[in-house]
């Protein structure tokens, strides 16, 4: 049996995607295929199950370590690209995807199948994990922190310069204090320039994947935190090592806009 996969990346956050594979994918598949030296290499593995009668496509997401993830803002954009490529869709499209965190609606610009722009309704931010109380032990001078639930758990810490800290060391140490794990983000918010979008610098430690170049749900959490603290109003540009996404914090939801890029097709002998 052969499993057909496509590989996509959203701002350097990469995923292997299978649409209606012949068998359900497993955590062992994720560990094997996402390995960057002995497998194909990716931050996560996504299975998409299409349904009839315009019902939403069902998305199952595994992290690279095999753990199940509720949602990924970059991953769901890549899933949207995989679906428009599979069905040969072009132009403006609306796609509904059911995730473990709830249904997400995607507005897709599929004018170019190689790289598309996707705006995702990521749902409302809710109270998340409790504060971490040992930042100083890690050499981090923290200004503020906020736990946020975007369907998955995030802890956002405001610092003067995220690049002054080793996010791998800080992220793993912070996450170790939380039995169910969480995503750890260090951010700095630039002073808004008149007539321009506010800007956030974000560095990412992702549960189940470690340091990644970008995190879509983390960008939403960062935008929500900055807005809650009164440091940003209106849309914000969230800058990550892999590139920038735009976050809009509305009264009852958060919108995430960013690219998804097709990388390759891969056949795995089962």
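Go through the residues of region 224-245 one by one and say whether even a single one is within 12 Å of the chain's Cα centre (by Cα), over 15 Å from residue 156 (Cα atoms) and buried (at least 24 other Cβ atoms within 10 Å of the Cβ).
yes
Looking at region 51-59, is at least one residue assigned to a loop (DSSP other than H, G, I, E, B), under 27 Å from residue 203 (Cα atoms), outside the structural domain of residue 202 (by TED's automatic domain parsing) and modelled with pLDDT of 95 or more?
Within region 51-59, none of the residues are assigned to a loop (DSSP other than H, G, I, E, B), under 27 Å from residue 203 (Cα atoms), outside the structural domain of residue 202 (by TED's automatic domain parsing) and modelled with pLDDT of 95 or more.
Restricted to region 166-184, and to residues that are more than 20 Å from residue 101 (Cα to Cα) and in contact with a helix residue (DSSP H, G or I) (Cβ under 8 Å, 6 or more places away or on another chain), which residue is surrounded by the fewest Cβ atoms within 10 Å (Cβ to Cβ)?
169
Could you list, in sequence order, the residues of region 251-270 that are outside any strand (DSSP E or B), within 26 Å of residue 123 (Cβ to Cβ) and in contact with a strand residue (DSSP E or B) (Cβ under 9 Å, 6 or more places away or on another chain)?
Hit for region 251-270 is 253, nothing else.
Out of (1) surrounded by fewer than 20 Cβ atoms within 10 Å (Cβ to Cβ); (2) in contact (Cβ under 8 Å) with a residue 60 or more places away in the chain; (3) in a strand (DSSP E or B), what's the single condition that is false for residue 86?
Among (1) surrounded by fewer than 20 Cβ atoms within 10 Å (Cβ to Cβ); (2) in contact (Cβ under 8 Å) with a residue 60 or more places away in the chain; (3) in a strand (DSSP E or B), residue 86 violates only (3).
Go through region 104-153 and count every residue that is assigned to a loop (DSSP other than H, G, I, E, B) and closer than 19 Å to residue 87 by Cα.
So the count comes out to 5.
The values are calculated or read from the model by the stated rules, or taken from the named source; none is laboratory data. Just so you know, these numbers come straight off a predicted model, no measurement behind them. For neighbour counting, all protein chains shown are included, and Cβ atoms are generated from backbone atoms with ideal geometry for every residue, glycine included.
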